[in-house]
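> Please find one structure pasted underneath; my questions will follow.
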Amino acid sequence: MKKVFLAATFVAALMIQACNSGQNSTGSGDSSAMDSTTMGSTMDMTTDTSGMNPASSDPKDFMEKAAIGGMMEVEAGKIAQTQASSQSVKDFAALMVKDHSAANKELMGIASKKSVTLPASLPAAEQEHLDAMKKMSGAEFDKHYIGMMVQDHDKTVSLFKAGSKNPDAEVSGFATKTLPIIESHAQKATEIQGTMK
C-alpha cells in the first residue's frame, strides 16, 4: 500500500512536469511518464508549466498531468541510476523509480475504471530533455537532476494539493494519499541539493 502511494505521488509529480514541458530551462522538473522512458539531457531542467492548471476540477485533466509527471520521474530516475556520480543521488533516483512506478500503476487502475486513456509516452519536449540528460555525467548530471527534482516536485505538490480537492472521490483520494510521498521527495531532493557545491 505504501509503495502504491509513493508511486502515485511520483506519477502526480511527473504529470505536473509533463504538463509544463513546453519550455526547458536549467532548473528542476518533476515530470515522469507512465511508461519508463529514459531521461538525460543537458537541456534546461524545468519544463513549462503554463499549460498546467493545478486548480482544474476535471478529473481527466488531473490524471493526465499526473501520468505524464509520473512517467517523467520514472524515466529520469532510471537515467540517474546510471549517470549520477553521487551515491545519494543514485539512491534518490531509485526511490523515485520505485515510488512513481507504484503511483503510476495505481493511477492507471483508476483511469481504467473511469474509461480515461492516459498518455502512453512523454511529450516531445520531455523526451528531448531525457535524451539530453543521457549525454551528461558526473557532477554536472547530479546537479542537473537534483535541481530538476526540486523544481518538479514543487510543481507536483501544487498539482496534488489541487487534486486532493477534486470533486471525483477516487481522484481526490489518490491525490490525498500520494501527496505526503511527493512532499517527502521534495524535502529529500532539497536536502541533497543543499549538500552540492
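> Could you run the Karplus curve 6.51 cos²θ - 1.76 cosθ + 1.60 with θ = phi - 60° over segment 130-146 and give me ³J(HN,Hα) per residue in whole Hz, x for Gly and Pro?
4, 4, 5, 5, 5, 8, 9, 7, x, 4, 4, 5, 3, 5, 5, 4, 5
> Starting with the fewest neighbours, write out 116, 89, 97 ranked by other beta-carbon atoms found within 10 Å of each beta-carbon.
116, 97, 89
> Another question, if that's okay. What order do you get for 179, 122, 159, 95 when you list them from fewest to most C-beta neighbours inside 10 Å?
Ascending number of Cβ neighbours within 10 Å: 95, 179, 122, 159.
> Next question. Please compute the length gained on full extension between residue 139 and residue 196, using 0.36 nm multiplied by the number of residues separating them and subtracting their Cα-Cα distance.
Taking 0.36 nm per residue and subtracting the Cα distance, the gain is 19.6 nm.
> Report the local net charge at residue 63: Lys and Arg +1, Asp and Glu -1, summed over other residues whose C-beta lies under 12 Å from its C-beta. Before the final figure, lay out the partial values.
Numbers: positive: 60, 65, 113, 114; negative: 58, 61, 64, 106, 168, 170.
Residues close to residue 63 contribute a combined charge of -2.
> Residue-wise, which Karplus ³J(HN,Hα) couplings in Hz belong to segment 180-188, taking 6.51 cos²θ - 1.76 cosθ + 1.60, θ = phi - 60°, and x for glycine or proline?
With coefficients 6.51, -1.76 and 1.60, one gets x, 5, 5, 5, 5, 4, 4, 5, 5 Hz.
> Further, regarding this structure: Quick check: residue separation of residue 117 and residue 85 times 0.36 nm, minus the Cα distance between them. What number comes out in nm?
Once the chain is fully extended between residue 117 and residue 85, it gains 7.8 nm.
Every number in this text was worked out from the coordinates using simple rules, so none of it is lab data. Here the structure is a predicted model, which is why all the values come from computation and not from measurement. Glycine also receives a Cβ, built like all others from the backbone with ideal geometry; neighbour counts cover every protein chain displayed.
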